[in-house]
Each structure stands twice: as structure tokens, then as C-alpha cells.
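Asks: Please see the structure below; I have some questions.
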Amino acid sequence: MEKREQLYEGKAKKVFATDDPALVIVSYKDDATAFDGLKKGTIAGKGAVNNRMSNMLMQLLEQEGVPTHFVEELSERETLVKKVNIVPLEVIVRNVSAGSFSKRYGVEEGIVFDEPTIEFSYKNDDLHDPLINAYHAVALRLATKEEIARIKEYAFKVNGVLKEYFLRLGVRLIDFKLEFGRLPDGTVVLADEISPDTCRFWDAETGEKLDKDRFRRDLGGVEDAYREIFKRITEGK
Ligand code: ADP
Ligand code: UDP
């Protein structure tokens with residue numbers, strides 16, 4: 001597999017073409033941003049943790065029947081994935097109140113929901129990723145009704161699998177963001193990443209935050225939190 005030109009540089013990853021038009025290479029950076037790009041920094045070692053963790057979780061999800069873009073881990077920071085046409089929706093699943101949910105509805109963090117929730121944000125930097133409902137997403141032709149139904153089904157399946165997986169490692173999965181994409185034949189697959197950048201993880205015993213909130217909220221111990229969650233995944237608690 002030959003790496004070709006850079007197609008895109010985002011906030012956390014770069015995407016490269018390969019000699020196969022159906023495949024791209026994603027390269028994970030240590031760069032971190034928060035609050036719509038207003039806060040910028042680096043988290044040493046983050047790229048390697050996110051790459052390897054995302055790949056392990058995607059492989060677990062594949063086994064559990066959720067199709068993903070994952071093809072092959074190439075190195076510590078680089079992975080070969082199926083090139084998809086990204087559905088421009090951030091798909092957010094929540095088990096416990098936190099972050100923007102708590103802010104929006106004026107409730108404390110930590111309320112355990114009877115049922116998980118799902119919401120969508122329109123991935124559009126100029127508009128600052130506004131919340132969008134499924135009808136509006138269909139009206140704007142961001143996705144079809146059928147694609148939204150499939151995305152919801154996969155998102156809740158991902159939640160069920162990961163919630164149980166992390167609880168065994170002594171970690172509560174509070175909420176997370178997913179992105180989905182279309183293969184050339186129209187099949188919807190899970191894409192992008194699943195990592196401490198895109199999930200909230202709380203230690204089941206101490207409540208300690210093991211995710212990007214340590215960076216967002218200047219809590220200190222950011223690198224340690226990424227290392228800790230990675231250690232639990234690779235060593236099993
Ligand atoms: P952002 O664009 O928000 O700054 P990243 O730095 O993570 O985010 O950049 C990675 C980009 O690659 C994102 O726009 C994401 O939607 C896109 N992407 C993720 N997986 C794939 C894939 N399999 N094929 C094509 N694009 C992808
Ligand atoms: N999230 C993300 N990218 C975003 C927005 C949110 O990965 O652009 C993740 C975030 O890490 C958290 C979940 O989605 O795990 C819910 O985030 P929330 O809506 O509470 O927003 P935030 O508090 O991060 O602004």
C-alpha cells in the first residue's frame with residue numbers, strides 16, 4: 001500500500017490518499033482543540049493512544065455486527081481505512097448527563113438516564129455544528145430516512161457493546177460522538193474515531209475523568225488520563 005498526497009488536515013487527524021482509490025490512510029496527531037477550536041493545545045502521546053484504541057474498539061464492534069471503515073493498523077499513528085463519504089452529522093449518544101446536555105437543560109452532571117438518548121449535530125464549521133433533528137437532516141438532504149434509521153440502530157448497538165466492555169474495565173461510558181459514512185455502494189459504516197477525544201469516561205470507583213474533559217476544563221493529568229484508559233484496554237484493568 002503506497003501513501004500518496006495529503007487530502008485533508010483536520011484538527012486531530014490528517015487523511016492521505018493511497019494507490020487504491022477506495023482506501024485512505026488516517027494519521028493521528030497530538031493536537032487537541034476544544035470549544036469550537038477556541039482552545040488549542042497538544043496532548044503528548046494522544047495520537048498513538050487514539051489510533052490504537054479506536055482500532056481495537058472498531059474491531060470489537062465489527063465482531064458484534066457493526067460494520068466499520070477499519071482495514072489495517074499500519075503504525076503507531078497510522079491506519080488504513082475504507083474511504084467513505086461522511087454523513088455530515090455528529091451522532092451523540094448519552095447514558096448520563098454531562099457537558100452540553102447539562103448546560104442546555106440546566107441540570108447537574110451525573111444524572112443516570114433510564115434509557116440512552118441520541119441527538120445529532122450538523123457537521124458544519126461555519127455554523128458551529130448546530131443541533132439538528134432528523135426531519136431537518138432529511139429536509140437538508142444530509143441523509144435519507146433509511147440512513148438515519150440505520151445510523152440510530154448502529155449507534156445504540158455501539159452504546160450497548162461499549163458500555164458493557166468499559167464497565168468490565170472499571171470505566172463508566174457517559175456519552176460519546178460517532179460519525180458514519182457511505183461506501184461507494186451506499187452501505188452505511190461507522191467511521192472516524194472512538195477515543196478519549198470523542199467519549200466521556202469516568203472511573204467507576206472514584207468518578208475520576210479519564211477523557212478530554214481534563215484538557216477542556218484544565219483539570220491537569222491529561223496525558224495520564226489517556227495513558228490510563230489505554231492501559232485498561234490493553235491490559236484489562
Ligand atoms: P475535523 O475535521 O473535525 O477537524 P479530524 O481532525 O478528526 O476532524 O479529521 C478527520 C476527518 O476525516 C474528519 O473530517 C472525518 O469526518 C473524516 N473521516 C473520518 N473517517 C473517514 C473515512 N473513512 N473516509 C473519509 N473521511 C473520513
Ligand atoms: N463530542 C465530540 N466532538 C464534538 C462534540 C462532542 O467528540 O464536536 C463528544 C464529547 O467528547 C462527548 C460527547 O460528544 O463525549 C458529548 O459532548 P457534548 O455535546 O456534551 O459537548 P461538549 O461538552 O464536548 O461541548
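Asks: So, in the stretch 214-226, how many residues would count as being part of a helix (DSSP H, G or I) and under 16 Å from Lys40 (Cβ atoms)? Can you show your working first?
Replies: Taking the stretch 214-226 and keeping what is part of a helix (DSSP H, G or I), we get 214-216, 222-226.
From what's left, under 16 Å from Lys40 (Cβ atoms): 214-216, 222.
Summing the residues that are part of a helix (DSSP H, G or I) and under 16 Å from Lys40 (Cβ atoms) in the stretch 214-226 gives 4.
Asks: Another question, if that's okay. Which residues, counting only those in the stretch 137-172, are outside any helix (DSSP H, G or I) and among the hydroxyl-bearing types (Ser, Thr, Tyr)? Full working, then the answer.
Replies: Our first condition is that a residue be outside any helix (DSSP H, G or I); within the stretch 137-172, this holds for 140-144, 169-172.
Answer for the stretch 137-172, where residues must be outside any helix (DSSP H, G or I) and among the hydroxyl-bearing types (Ser, Thr, Tyr): just Thr144.
Asks: Based on this model, can you work out whether Met1 counts as of a type in the set (A, V, I, L, M, F, W, C), surrounded by fewer than 19 Cβ atoms within 10 Å (Cβ to Cβ) and at pLDDT below 95?
Replies: Values: of a type in the set (A, V, I, L, M, F, W, C): yes; surrounded by fewer than 19 Cβ atoms within 10 Å (Cβ to Cβ): yes; at pLDDT below 95: yes.
Yes.
Asks: Looking at (1) buried (at least 18 other Cβ atoms within 10 Å of the Cβ); (2) in a strand (DSSP E or B); (3) not basic (Lys, Arg), find the lone condition where Glu115 falls short.
Replies: Exception for Glu115: condition (1).
Asks: Just to be sure, is Phe156 among the aromatic types (Phe, Trp, Tyr), crowded, with 18+ Cβ neighbours inside 10 Å, within 16 Å of ligand 2 (Cβ to nearest atom) and under 15 Å from the mean Cα position of the chain (by Cα)? Break it down stepwise before answering.
Replies: Values: among the aromatic types (Phe, Trp, Tyr): yes; crowded, with 18+ Cβ neighbours inside 10 Å: no; within 16 Å of ligand 2 (Cβ to nearest atom): yes; under 15 Å from the mean Cα position of the chain (by Cα): yes.
Judged against the criteria, Phe156 is not a match.
Quick grid of which residues meet (1) surrounded by 15 or more Cβ atoms within 10 Å (Cβ to Cβ); (2) within 18 Å of the chain's Cα centre (by Cα); (3) under 29 Å from Lys14 (Cβ atoms):
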| residue | (1), (2), (3) |
| --- | --- |
| Ser102 | yes, no, no |
| Lys145 | no, no, no |
| Leu169 | yes, no, no |
| Asp175 | yes, yes, yes |
| Ala191 | yes, yes, yes |
| Ile194 | yes, yes, yes |
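Asks: Right, next: Looking at the stretch 209-223 only, could you name the residues that are farther than 15 Å from Gly99 by Cα and in contact with a Phe, Trp or Tyr (Cβ under 8 Å, 6 or more places away or on another chain)? Give the steps one after another, and end with the answer.
Replies: Initial filter on the stretch 209-223 (farther than 15 Å from Gly99 by Cα): 220-223.
The one that is farther than 15 Å from Gly99 by Cα and in contact with a Phe, Trp or Tyr (Cβ under 8 Å, 6 or more places away or on another chain): Val222.
Asks: Here's a follow-up. Being of a type outside the set (Val, Ile, Thr), over 16 Å from Phe201 (Cβ atoms) and modelled with pLDDT of 95 or more: is that true of Leu74 here? Walk me through it before giving the result.
Replies: Working: of a type outside the set (Val, Ile, Thr): yes; over 16 Å from Phe201 (Cβ atoms): yes; modelled with pLDDT of 95 or more: yes.
So Leu74 passes the test.
Asks: Okay, moving on. Would you point out which residue out of Val158, Val91, Val112 is farther than 15 Å from Leu178 by Cβ and of a type in the set (Val, Ile, Thr)?
Replies: Details: Val158 fails: farther than 15 Å from Leu178 by Cβ; Val91 fails: farther than 15 Å from Leu178 by Cβ.
Matching residue, one of Val158, Val91, Val112: Val112.
Matching residues to (1) touching a residue at least 24 places away in the same chain (Cβ under 8 Å); (2) more than 16 Å from ligand 1 (Cβ to nearest atom):
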position	(1), (2)
Glu119	yes, yes
Arg150	yes, yes
Tyr154	yes, no
Leu167	yes, yes
Asp175	yes, yes
Gly181	yes, no
Cys199	yes, no
Asp203	yes, yes
Lys209	no, yes
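Asks: Can you find even one residue in the stretch 217-233 that is modelled with pLDDT of 95 or more, closer than 25 Å to His69 by Cα, buried (at least 23 other Cβ atoms within 10 Å of the Cβ) and in contact with a Leu (Cβ under 6 Å, 6 or more places away or on another chain)?
Replies: Within the stretch 217-233, not a single residue is modelled with pLDDT of 95 or more, closer than 25 Å to His69 by Cα, buried (at least 23 other Cβ atoms within 10 Å of the Cβ) and in contact with a Leu (Cβ under 6 Å, 6 or more places away or on another chain).
Asks: Only one residue in Leu38, Leu89, Leu7, Leu74 is surrounded by fewer than 21 Cβ atoms within 10 Å (Cβ to Cβ), over 24 Å from Tyr165 (Cα atoms), within 11 Å of ligand 1 (Cβ to nearest atom) and aliphatic (A, V, I, L, M), so which one is that?
Replies: Leu7
Asks: Among the listed residues Asp197, Asp175, Asp211, which satisfies the condition of being within 24 Å of Val112 (Cβ to Cβ), in a strand (DSSP E or B) and in contact with a Lys or Arg (Cβ under 6 Å, 6 or more places away or on another chain)? Spell out how you get there, then give the answer.
Replies: Working: Asp197 fails: in a strand (DSSP E or B); Asp211 fails: in a strand (DSSP E or B).
One residue alone meets the criteria, Asp175.
Asks: Condition check: modelled with pLDDT of 95 or more, part of a helix (DSSP H, G or I) and touching a helix residue (DSSP H, G or I) at 6+ places or on another chain (Cβ under 9 Å). Does Val189 satisfy that? So that I can check it myself, show each step before the final result.
Replies: Working: modelled with pLDDT of 95 or more: yes; part of a helix (DSSP H, G or I): no; touching a helix residue (DSSP H, G or I) at 6+ places or on another chain (Cβ under 9 Å): yes.
For Val189, the condition - modelled with pLDDT of 95 or more, part of a helix (DSSP H, G or I) and touching a helix residue (DSSP H, G or I) at 6+ places or on another chain (Cβ under 9 Å) - is not met.
The values are calculated or read from the model by the stated rules, or taken from the named source; none is laboratory data. Because the structure is predicted, anything quoted here is derived from the model rather than measured. Here Cβ is always computed from backbone atoms with ideal geometry, including for glycine, and neighbour counts include all displayed protein chains.
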